[in-house]
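The values are calculated or read from the model by the stated rules, or taken from the named source; none is laboratory data. Every value quoted in this text rests on a predicted model; they were computed, and no experiment measured them. Cβ placement follows ideal geometry from the backbone for every residue including glycine, while neighbour counts extend to all protein chains displayed. In case anyone asks, the SASA skips ligands and DNA or RNA and just uses the protein heavy atoms, side chains included. Shrake-Rupley method; radii C 1.70, N 1.55, O 1.52, S 1.80 Å.
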Amino acid sequence: MSKRDKKRYTERPSVHRQRAASRAPAKNKIRPRAVTRTNENSAPTKTGGEIFANGVMLDLIRDAADDEIKLIRSDGPNVSISARFDVNGRVLVPPTLDGDVMNAINLPSNATDYVSTAALFDDLRGLFQEHPGLSQESVSKAAFSSLATWFPEFAPPLLLVSAPDASGSRLLLEQLRCACRRSMIIGDITRSGIWSLPLWLHPTIIIARSNPTKDLLRVLRAMRQPGMRVPQKGQLLDVFCPIVLCTEEPVRDSWLLENSIQIELATTATRPRIAPQAPREISRDLQAKQLLYRLRNFVKVEHSDFDAPQLAFPTREIARALGDCIVDDRELQSRVVSLLEEQDEDTRVRRTTTFEAVVVETGLLFCHEKEKREWAYVGEFAKVSNAILEGRGEEIELEPRAVGDILRSVGLFTRRLGRAGRGILLVREIRRKIHELAWRFGVLSIEDGVDRCEFCSEARAQFGDSIRAGI
């Protein structure tokens, strides 16, 4: 090999070495994967409000200066407003929603001082006292219900409004929109229409219908159960949110009646009127005060120990939901109980006279027989239940098949017990459940207060002697 060829060979690497070199990564090169991760970590997260373990809270407002949706941040004494916040390394921004939807949702423009819980409640009462068709009792119910919507995390009760007067209902709905959190008024709506709303914001949905359909009532049942998920387009929607239903005719659904607050709007000789600018001014003031009330007192509401053991289930649960939202004012909390006493009595009477209560009372009688029985057939349930109904002057007679349906509806599931038919095995857990149901329904045979078995003692210790019809 000549010197010239040798030099050329040593200075030019082989093809193999050239390819290897081209595949070798540059030492100082920034890898695209690292850049992607950085971008992902800094990408903003859309939120409708959050509550952090360190006490920081975020909520939504509508900036009065530019009419843009922004976030308000509270860490206790300090409150600030911005289009984005960095909390715990996350960049949080308001959600982007359809313009018509966001315009329909009522949002505060700021958070301002409410002085005290009593003063804020007086402001709410003052709003509803302007309506000539509301009694003083209804005014208080509307005020308590509106304040409770600012804490949707703690299951505010459904508000049912019976309003035969169209002009009166329009004014009341506008007043409720001024007072309730993230409120929006909707009219004739379908099931799919409701599911299409941004329910994850937990808005207060105010529904105006002349007569609610069965389908709408079923939807309301689902929306009134915390934690309920509804399948929709491959997803599970959280559909629980505060609801106001305003109808011309009273709602007849017993479940909704028992789990709601009812207001009857009286027809008045004078047409209810409100100045055009008044709703905006009232809403701006009340919304800002109630927002600060939520930001300042969320933890207190979360740890509230308010209870109304003298009320029956489910009125007791309604009282808890309303009373928990009243902080630092025991006297105002006590007004919740007195306000619901009449409704509680009506619930007790209705529940003790239902077929479910009679069938549960039959099961209680089987549990207290001297000769301990191991099972009870559906036919036996029907026979004894009909005897109870006859003794109380009822002319209706229940067929065994209907009794079986009632047993299943209250959670007592039947099984085949040989050739004699279906029935219930009276094991310990079933006996305990029957006693719990007896207290829930307030069956008449439990009124004497006598503990006839160990499960009577358990139920009385758990539910209290004064409850009778509930927990």
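Of the residues making up segment 219-262, those that are among the basic types (Lys, Arg) and free of Cβ contacts under 8 Å to residues at least 12 places away in the same chain are 229, 233, 252.
If you filter segment 294-307 down to residues that are open to solvent by less than 70 Å² (accessible area, probe 1.4 Å) and part of a helix (DSSP H, G or I), you find that the one that is nearest to residue 255 (Cα to Cα) is 301. Scanning segment 376-413 for residues that are among the aromatic types (Phe, Trp, Tyr) and open to solvent by 20 Å² or more (accessible area, probe 1.4 Å), which turns out farthest from residue 442 (Cα to Cα)? Among those that are among the aromatic types (Phe, Trp, Tyr) and open to solvent by 20 Å² or more (accessible area, probe 1.4 Å), it is 377.
Any residue that is hydroxyl-bearing (Ser, Thr, Tyr) and either surrounded by 19 or more Cβ atoms within 10 Å (Cβ to Cβ) or in contact with a Leu (Cβ under 9 Å, 6 or more places away or on another chain) (or both) - is there at least one of those in segment 209-224? For segment 209-224, residues hydroxyl-bearing (Ser, Thr, Tyr) and either surrounded by 19 or more Cβ atoms within 10 Å (Cβ to Cβ) or in contact with a Leu (Cβ under 9 Å, 6 or more places away or on another chain) (or both): absent.
Cβ separations smaller than 6 Å between residues 6+ apart or across chains give the following pairs from segment 104-116 residues that are under 19 Å from residue 202 (Cα atoms) to residues that are polar (S, T, N, Q): 106/183; 108/287.
Selection over segment 71-95 of residues that are over 24 Å from residue 206 (Cβ atoms) and within 25 Å of the chain's Cα centre (by Cα) gives a count of 3. Quick check: is even one residue across segment 343-359 loosely packed, with under 15 Cβ neighbours inside 10 Å and at pLDDT 95 or above? Looking for residues that are loosely packed, with under 15 Cβ neighbours inside 10 Å and at pLDDT 95 or above, one finds none in segment 343-359, hence no. Exactly one residue among 419, 373, 428 is surrounded by fewer than 18 Cβ atoms within 10 Å (Cβ to Cβ) and within 35 Å of the chain's Cα centre (by Cα), and that residue is 428.
Among residues of segment 277-302 that are farther than 16 Å from residue 125 by Cα, those with a beta-carbon under 8 Å from a residue that is part of a helix (DSSP H, G or I) and of a type in the set (Phe, Trp, Tyr) at least six positions away or on a different chain give the pairs 301/154; 302/154.
Just to be sure before I move on: is residue 46 surrounded by fewer than 14 Cβ atoms within 10 Å (Cβ to Cβ) and touching a Ser or Thr at 6+ places or on another chain (Cβ under 9 Å) in the structure I sent? The answer is yes for residue 46. Residue 333 meets the conditions (1) under 30 Å from residue 145 (Cα atoms); (2) in contact (Cβ under 8 Å) with a residue 60 or more places away in the chain; (3) crowded, with 19+ Cβ neighbours inside 10 Å; (4) not basic (Lys, Arg) in every case but one. The failed one is (2). Test of understanding: among 393, 423, 418, which residue is over 21 Å from residue 454 (Cβ atoms) and touching a residue at least 24 places away in the same chain (Cβ under 8 Å)? The match here is 423.
Residues in segment 284-293 that are over 23 Å from residue 339 (Cβ atoms) and open to solvent by less than 10 Å² (accessible area, probe 1.4 Å): 287, 288, 291. Cβ-Cβ distances below 7 Å connect the following pairs, each with a first residue in segment 165-190 that is free of Cβ contacts under 8 Å to residues at least 24 places away in the same chain, a second residue that is surrounded by fewer than 22 Cβ atoms within 10 Å (Cβ to Cβ), and a separation of six or more residues or different chains: 187/208; 188/209. Inclusion of residue 256 among residues that are more than 16 Å from residue 149 (Cα to Cα), exposed (fewer than 12 other Cβ atoms within 10 Å of the Cβ) and at pLDDT 80 or above is not warranted. Against the numbered list (1) part of a loop (DSSP other than H, G, I, E, B); (2) in contact (Cβ under 8 Å) with a residue 40 or more places away in the chain; (3) closer than 18 Å to residue 144 by Cα, residue 310 comes up short only at (3).
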